[in-house]
Amino acid sequence: NAGVTQTPKFQVLKTGQSMTLQCAQDMNHEYMSWYRQDPGMGLRLIHYSVGAGITDQGEVPNGYNVSRSTTEDFPLRLLSAAPSQTSVYFCASSYSPRGWGYTFGSGTRLTVV
Amino acid sequence: DAKTTQPPSMDCAEGRAANLPCNHSTISGNEYVYWYRQIHSQGPQYIIHGLKNNETNEMASLIITEDRKSSTLILPHATLRDTAVYYCIVLKIQGAQKLVFGQGTRLTINP
């Protein structure tokens, strides 16, 4: 089925560990982005990409790295996990970066202890 | 990008029309109004967007005032599955955009 696939769905990390959250889409969308959502709050943009090889920072980029080597994949790397990074992470893709028609993944629930 | 203001919560009876307001008094001429919703624990879902004319699709209608300073999202026959947080977002037309979510309105549809 077409859509945005995020893996894993759940993850527990120890402080200082690193990991990569995977995001893949099969809709040939150029625009992809990562958000985090803390309890009771709206989504905050971490990083985004307007195409393969092009990435840029969002509102809360510190502690995260991204790369975009293919159109389909946009992984998010946590360099050294901290408890403040406990959150639900959503990946999104869109044909256009203009704000409409974004498709979101089902999320990765990350806990850092 | 223009700031938006939405009520934190609203209730609506099942089967009735749900009207969700959004104030964007500082909107400029090159900014669209977008609506997304987030059903509990799921990723946000795109609903509709518009510039200055009223818009309708299979999910909802969007009414934008003539001065464009406010808008209303209308769910014509709300069901229990429409219970969600609804986000009103204003973005410029040109260039790569950062979809920024505020607090939204928590809409509860009651049986």
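Among the residues of the range A:68-80, is there at least one that is outside any loop (DSSP other than H, G, I, E, B) and within 14 Å of another protein chain (Cβ to nearest Cβ)? No, the range A:68-80 has no match at all. Residues that are closer than 22 Å to B:Gly104 by Cα and more than 13 Å from chain B (Cβ to nearest Cβ) within the range A:21-42 are absent altogether. Of all residues in the range B:71-82, those that are closer than 12 Å to B:Gly50 by Cβ have Cβ atoms under 6 Å from Cβ atoms of residues that are surrounded by 12 or more Cβ atoms within 10 Å (Cβ to Cβ) and aromatic (Phe, Trp, Tyr), 6 or more apart or on another chain, in B:Leu73/B:Trp35.
Against the conditions (1) modelled with pLDDT of 90 or more; (2) outside any strand (DSSP E or B); (3) surrounded by 17 or more Cβ atoms within 10 Å (Cβ to Cβ); (4) within 12 Å of chain B (Cβ to nearest Cβ), A:Gln6 satisfies every one except (2).
Please enumerate the residues belonging to the range B:54-111 that are small (Gly, Ala, Ser) and within 11 Å of chain A (Cβ to nearest Cβ).
Once the filter is applied, which keeps residues that are small (Gly, Ala, Ser) and within 11 Å of chain A (Cβ to nearest Cβ), the range B:54-111 yields B:Gly95, B:Ala96, B:Gly102, B:Gly104.
Residues that are surrounded by 20 or more Cβ atoms within 10 Å (Cβ to Cβ) and either under 15 Å from the mean Cα position of the chain (by Cα) or of a type in the set (A, V, I, L, M) (or both) were ranked within the range A:86-100; the one that is nearest to the other protein chains (Cβ to nearest Cβ) is A:Phe90. For the range A:46-67, a residue qualifies if it is on the phi < 0 side of the Ramachandran plot and part of a loop (DSSP other than H, G, I, E, B), and the qualifying residues are A:Ala52, A:Gly58, A:Glu59, A:Val60, A:Pro61, A:Asn62, A:Ser67. If only residues of the range B:90-111 that are at pLDDT 75 or above and among the hydrophobic types (A, V, I, L, M, F, W, C) are counted, the one that is surrounded by the most Cβ atoms within 10 Å (Cβ to Cβ) is B:Leu99.
Only one of the numbered conditions (1) touching a helix residue (DSSP H, G or I) at 6+ places or on another chain (Cβ under 6 Å); (2) within 11 Å of chain B (Cβ to nearest Cβ) is not met by A:Thr103, and that is (1).
The values are calculated or read from the model by the stated rules, or taken from the named source; none is laboratory data. None of these values were measured; they are calculated from a predicted model. Positions of Cβ are generated from backbone atoms using ideal geometry, with glycine treated the same way; all protein chains shown enter the neighbour counts.
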